[in-house]
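Notes to accompany the following structure.
We did not get these values from a lab; they are worked out from the coordinates using the rules stated. Quick caveat: nothing in here was measured; it's all calculated off a predicted structure. Positions of Cβ are backbone-derived with ideal geometry, glycine not excepted, and every protein chain shown enters the neighbour counts.
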Amino acid sequence: MAGYFHQGKQQHWPQADSVEDFRRNLAAVRERIADACARTGRDPASVRLLPVSKTMPEERIRLAYAAGCRELGENKPQEACRKWEAMADLTDLRWSVIGHLQTNKAKLVARYAAEFQALDSLRVAEALQRRLEAEGRSLDVFVQVNTSGEASKFGLAPAETADFLARLPGFPSLRVRGLMTLAIFSADLERVRACFVTLRELRDQLRGKLPVGISLDELSMGMSGDYEVAIEEGATVVRVGQAIFGARSTPDSYYWPQEVNHSTDEETP
Ligand SMILES: *Cc1c(COP(=O)(O)O)cnc(C)c1O
């Protein structure tokens with residue numbers, strides 16, 4: 001793909017097919033992270049780059065590993081589990097699940113994931129807690145907030161977040177690290193920015209009234225098309241796939257269905 005329109009910019013994300021390609025793409029992203037930090041007086045060390053490897057085959061993931069990636073984000077819990085099993089030899093590689101979880105997949109995530117960024121229901125919190133106890137593990141989690149108001153996005157409404165956080169001390173195997181959001185898909189970067197501002201302001205508002213044991217140090221926001229804007233607005237984690245691996249052929253609608261049926265969604269096998 002030569003280039004296409006994404007979040008306001010004509011983008012060209014070069015394919016990475018060798019360790020050198022990955023090194024080049026990673027260096028380019030890190031440089032833009034450093035520039036965004038410089039513009040806002042932030043320390044680049046305060047921004048964690050989470051490379052996102054969804055849809056990418058094992059051989060390309062191994063190249064990314066050889067280029068230095070030690071953690072990877074995956075949207076689908078089953079795809080992540082398959083990859084974790086196939087690459088169990090890479091013992092220092094951490095897997096972060098960044099997409100919606102159905103309760104019947106909690107068992108998988110409790111086995112292999114180091115982090116889960118899309119917590120948005122007590123049912124999922126309960127399922128994870130039970131499975132994590134059985135595994136003798138704990139899990140870093142981010143609470144996903146829907147900052148765009150789009151029905152197609154998962155996540156809690158900002159106004160529901162305080163009550164939700166108040167319940168989380170009841171799930172001691174979940175270590176709450178912060179909030180996560182996906183911005184609106186829009187060519188208008190100011191509308192995208194408004195989503196990031198909403199998440200930061202929500203975090204600042206909640207900070208004063210958090211339950212004991214819960215802190216919100218992290219803000220996971222920003223993807224290939226908008227991570228610089230997210231950093232300007234306070235992101236501490238950016239989830240970047242295409243700018244590192246190259247453009248994906250799978251359309252984003254596969255990951256963000258047009259209609260999210262929240263009522264039947266837990267029953268799918
Ligand atoms: C795919 C994905 C990303 C990364 O998107 P890119 O356009 O590849 O940078 C970030 N967050 C989530 C939740 C994703 O599913």
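Taking other residues whose beta carbon is less than 12 angstrom from the beta carbon of Val237, and scoring Lys, Arg as +1 and Asp, Glu as -1, yields -2. Placing a pseudo-label 7 Å from each Cα along the Cα-to-Cβ vector at Asp89 and Leu189 gives an inter-label distance of 4.3 nm.
Quick one: putting +1 on the C-beta of Lys and Arg, -1 on the C-beta of Asp and Glu, what dipole do you get for the chain around its Cα centre, in Debye to the nearest 20? Once rounded to the nearest 20, the dipole reads 380 debye.
Computed over the chain with a Gaussian network model linking Cα atoms closer than 10 Å, the most mobile of Glu71, Glu160, Glu228 is Glu160. Highest GNM mean-square fluctuation among Val192, Val145, Val212, for the chain modelled with Cα contacts below 10 Å: Val212.
Need the C-alpha centroid separation for the range 117-133 versus the range 154-181, integer Å. Cα centroid to Cα centroid, the span is 11 Å. Ordered by the number of other Cβ atoms lying within 10 Å of each residue's own Cβ, fewest first, His12, His100 fall into the sequence His12, His100.
Taking 0.36 nm per residue of separation and subtracting the Cα-Cα distance, full extension of the segment from Arg70 to Gln102 would add 8.9 nm. Normalised by the number of residues in the range 50-201, the mean separation of alpha-carbon contacts (under 8 Å, six or more apart) gives a relative contact order of 17 percent. In this structure the amide hydrogen of Arg48, modeled in the peptide plane, comes within under 5 Å of the amide hydrogens of Val237, Val238, none closer than 5 places in sequence on its chain.
Shape of the range 19-246 from the C-alpha gyration tensor: oblate (a/c of 1.5 or more and a/b not above b/c, with a ≥ b ≥ c the square roots of its eigenvalues). Considering only trypsin sites (Lys or Arg not before Pro) in DSSP loops that have at most 13 other Cβ atoms within 10 Å, the longest stretch of the chain without any of them is 71-208. Tell me, what is the percent relative contact order of the chain, built from C-alpha pairs under 8 Å that lie six or more residues apart? 23 percent.
In units of the compact-protein estimate 2.2 N^0.38 Å, the range 43-163 shows a Cα radius of gyration of 1.11.
The chymotrypsin sites (Phe, Trp or Tyr not before Pro) of the range 86-141 include none that meets both criteria, a DSSP state outside H, G, I, E and B (loop) and at most 15 other C-beta atoms within 10 angstrom of the site's C-beta.
The relative contact order of the range 96-143, computed from alpha carbon pairs under 8 Å that lie at least 6 residues apart in sequence, is 44 percent. Pairs spanning more than 27 Å between alpha-carbon atoms, out of Lys107/Lys209; Lys76/Lys209; Lys83/Lys105: Lys107/Lys209; Lys76/Lys209. When Met223, Met87 are sorted by how many other C-beta atoms sit within 10 angstrom of their C-beta, beginning with the fewest, the order is Met87, Met223.
Stretched out straight at 0.36 nm per residue, the stretch from Ala34 to Ala166 would grow longer than its current Cα-Cα span by 44.0 nm.
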